[in-house]
């Protein structure tokens, strides 16, 4: 009986070590899965922001590449006008709350 325990003690130690590393260690499987998920989320955010940056660069190039586009942007966005023009803003009435 004792010989059998001594023969299997390496397997017992190996099992204990595996359980320790998988569950109780600072770099356990749960932590690794959480870190992997966080990395995937950050990579998705990075891809989103890269697309947004590229879109902003294209809009900036379109805007500053042509004076007519710059003038149109200023008129629409900031309600700018020329000196001899009158500007009328037409706002739709808000629906009544019930």
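The values are calculated or read from the model by the stated rules, or taken from the named source; none is laboratory data. None of the values given here were measured: they were computed from a predicted structure. Backbone-built Cβ (ideal geometry, glycine too); neighbour counts: all protein chains shown.
A few points about this structure:
- Close pairs (6 angstrom Cβ cut-off, 6 or more residues apart or separate chains): within 23 Å of residue 63 (Cα to Cα) in the stretch 77-91, exposed (fewer than 10 other Cβ atoms within 10 Å of the Cβ) anywhere: 81/87
- Residue match in the stretch 50-65 (condition: modelled with pLDDT under 85, exposed (fewer than 10 other Cβ atoms within 10 Å of the Cβ) and in a helix (DSSP H, G or I)): no
- Qualifying residue in the stretch 80-97 (condition: in a helix (DSSP H, G or I) and surrounded by 10 or more Cβ atoms within 10 Å (Cβ to Cβ)): no
- Evaluated against (1) part of a helix (DSSP H, G or I); (2) in contact with a helix residue (DSSP H, G or I) (Cβ under 9 Å, 6 or more places away or on another chain), residue 75 falls short on exactly one condition, (2).
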